Amino acid sequence: NAGVTQTPKFQVLKTGQSMTLQCAQDMNHNSMYWYRQDPGMGLRLIYYSASEGTTDKGEVPNGYNVSRLNKREFSLRLESAAPSQTSVYFCASSEAGTSAYEQYFGPGTRLTVT
Amino acid sequence: DAKTTQPPSMDCAEGRAANLPCNHSTISGNEYVYWYRQIHSQGPQYIIHGLKNNETNEMASLIITEDRKSSTLILPHATLRDTAVYYCIVRAKTGANNLFFGTGTRLTVIP
């Protein structure tokens, strides 16, 4: 099992450009999450998907959109990147939305917006 | 979810037990204590969780005080690979789906 995979690992964007971060999990988990981590800080939830076909906003959703493409895949889109979105983005998955205690994280995507 | 307080950093000698404290004085009855760690540049990793009883698994032990207002994560024989940021998180097992990570404790294991 690969667990949670994310692509790309690194990305540099110019202000105003768009991009999609991809995430996939092979553990048959129902729930998936997108977090961002700024230097020296903990992770903050951007969006989550409790189950296939549903998405909900987290703490910091502004400037992002998500798509739960199927049970395996959950993508994060930046429509018009801003320097404030420079961060490390982590995708995670868990077994079930309302009873989850263990989230499995991907290796992260390091995004720089200039 | 209840707020947690952790020391910003700790050192531990290799081979010794690392005891990481966490204060969660406003914890409510249905909230669990979870511990995750994040090794440099990697995604966080689940370690252990508990409600009121002490818990042990292959990675660590979790000691929760009787009043549940604080807990301690114990790594019994710390190795250099245990150097990481350790996050104590308190949340109900149902309800909101996010984990509030805070800033954690940076544990440095010294050779």
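The values are calculated or read from the model by the stated rules, or taken from the named source; none is laboratory data. Only a predicted model underlies this, so the values are computations on that prediction, with no experimental measurement involved. FYI the Cβ positions are ideal-geometry reconstructions off the backbone, even for glycines, and counts take in every protein chain you see.
Please pick out the residue among B:Ser41, B:Ser70 that is in contact with a strand residue (DSSP E or B) (Cβ under 6 Å, 6 or more places away or on another chain) and either surrounded by fewer than 19 Cβ atoms within 10 Å (Cβ to Cβ) or among the aromatic types (Phe, Trp, Tyr) (or both). Give the derivation first.
Values: B:Ser41 fails: in contact with a strand residue (DSSP E or B) (Cβ under 6 Å, 6 or more places away or on another chain).
After ruling out the rest, the residue left standing is B:Ser70.
In the set B:Leu75, B:Leu107, which member is in contact with an Asp or Glu (Cβ under 6 Å, 6 or more places away or on another chain) and more than 10 Å from every other protein chain (Cβ to nearest Cβ)?
Values: B:Leu107 fails: in contact with an Asp or Glu (Cβ under 6 Å, 6 or more places away or on another chain).
Just one listed residue meets the conditions, B:Leu75.
Report yes if A:Tyr64 is under 18 Å from B:Tyr87 (Cα atoms) and of a type in the set (Ser, Thr, Tyr), otherwise no. Spell out the reasoning first.
Values: under 18 Å from B:Tyr87 (Cα atoms): no; of a type in the set (Ser, Thr, Tyr): yes.
For A:Tyr64, the condition - under 18 Å from B:Tyr87 (Cα atoms) and of a type in the set (Ser, Thr, Tyr) - is not met.
Looking at B:Ser41, B:Ser9, B:Ser70, B:Ser61 in this structure, which one is among the small types (Gly, Ala, Ser), within 23 Å of A:Pro107 (Cβ to Cβ) and either at pLDDT 95 or above or over 14 Å from the mean Cα position of the chain (by Cα) (or both)?
B:Ser41
Among the residues in region B:80-93, are any within 14 Å of chain A (Cβ to nearest Cβ), more than 14 Å from B:Asn23 (Cα to Cα) and either of a type outside the set (A, V, I, L, M) or loosely packed, with under 15 Cβ neighbours inside 10 Å (or both)? Please lay out each step first, then the result.
Of region B:80-93, the ones within 14 Å of chain A (Cβ to nearest Cβ) are B:84-93.
The next check asks that each one be more than 14 Å from B:Asn23 (Cα to Cα); those that pass are B:84-85, B:92-93.
Next, from what is left, pick out any that are either of a type outside the set (A, V, I, L, M) or loosely packed, with under 15 Cβ neighbours inside 10 Å (or both): B:92-93.
Looking through region B:80-93, at least one residue is within 14 Å of chain A (Cβ to nearest Cβ), more than 14 Å from B:Asn23 (Cα to Cα) and either of a type outside the set (A, V, I, L, M) or loosely packed, with under 15 Cβ neighbours inside 10 Å (or both).
Identify all residues within region B:18-45 that are among the small types (Gly, Ala, Ser) and assigned to a loop (DSSP other than H, G, I, E, B); write none if there are none. Break it down stepwise before answering.
Applying the first criterion (among the small types (Gly, Ala, Ser)) to region B:18-45 yields B:18, B:25, B:28-29, B:41, B:43.
Listed by number, the residues that qualify are B:Ser25, B:Ser28, B:Gly29, B:Ser41, B:Gly43.
I'd like the residue in region A:1-22 that is in a strand (DSSP E or B) and among the hydroxyl-bearing types (Ser, Thr, Tyr) and, out of all such residues, is nearest to the other protein chains (Cβ to nearest Cβ). Outline the logic, then answer.
If we filter region A:1-22 for residues that are in a strand (DSSP E or B), which is where we start, we get A:4-7, A:10-13, A:19-22.
Then keep just the ones that are among the hydroxyl-bearing types (Ser, Thr, Tyr); that gives A:5, A:7, A:20.
Numbers: A:Thr5: 11, A:Thr7: 14, A:Thr20: 19 Å.
Per the criteria, the residue is A:Thr5.
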